[in-house]
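The values are calculated or read from the model by the stated rules, or taken from the named source; none is laboratory data. Predicted model only: the values in this text are computed from it and were never measured. Here Cβ is always computed from backbone atoms with ideal geometry, including for glycine, and neighbour counts include all displayed protein chains. Calculation scope for accessible area: heavy atoms of the full protein, side chains included, ligands and nucleic acids excluded. Shrake-Rupley method; radii C 1.70, N 1.55, O 1.52, S 1.80 Å.
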Amino acid sequence: MIKDELFMLEALKEAQLAFEKNEIPVGCVIVKNGEIIARSHNQKESNQNVLHHAEIIAINQACQNLNSWRLDDCDIYVTLEPCLMCIGAIASARFKRLVYGPRDKKYESLDNILKEYLKNFNHQVEVVQGVLEKESDELLKSFFKRLRNKS
């Protein structure tokens, strides 16, 4: 879907910002009614805070912008499959859709975990995987190659 690709390009811009800060290049945007209401990138190293994943920071911004913890009219776009912590936050915030690029290769796919976890909720999150997967994956590979070369 063209709309998904446009918003994922915005998430990739955030991932590029993370890359430039020597953070793992993951970016996130949150969309409501076709407009971006929050955006962020990984900031764990910059802020020395394990909670500062792109998704968590963006969810916090969206909640503040809407003055609500319920984000059920929102879609979240992430350049990499979310970790368990972020999946929990996404499910709890009741997002309408989760759209992400590649699966995170360091875990077995969280897809089954996500489905198992979400089936216990009244609210269900639609999951779309693989949007601009190649572009996200190339940025991640470039980042880790650069890290290895520094060592």
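If you go through the range 1-27 and keep only what is touching a residue at least 12 places away in the same chain (Cβ under 8 Å), part of a helix (DSSP H, G or I) and among the charged types (D, E, K, R), you end up with K3, D4, E5, E10, K13, E14.
Can we say L71 is open to solvent by 30 Å² or more (accessible area, probe 1.4 Å), out of contact with any Pro (no Cβ under 7 Å at 6 or more places or on another chain) and at negative phi? In short, no. The residues of the range 28-85 that are farther than 14 Å from L98 by Cβ, assigned to a strand (DSSP E or B) and acidic (D, E) amount to a single one, E35. The single condition among (1) on the phi < 0 side of the Ramachandran plot; (2) modelled with pLDDT of 95 or more; (3) open to solvent by 20 Å² or more (accessible area, probe 1.4 Å); (4) not acidic (D, E) that Y100 does not meet is (3).
Scan the range 103-124 for residues that are at pLDDT 70 or above, under 14 Å from the mean Cα position of the chain (by Cα) and over 20 Å from Q16 (Cβ atoms) and the total you get is 1. Which one is surrounded by the most Cβ atoms within 10 Å (Cβ to Cβ) among residues in the range 1-53 that are more than 17 Å from F143 (Cα to Cα) and basic (K, R)? Once the filter is applied, the top-ranked residue is R39.
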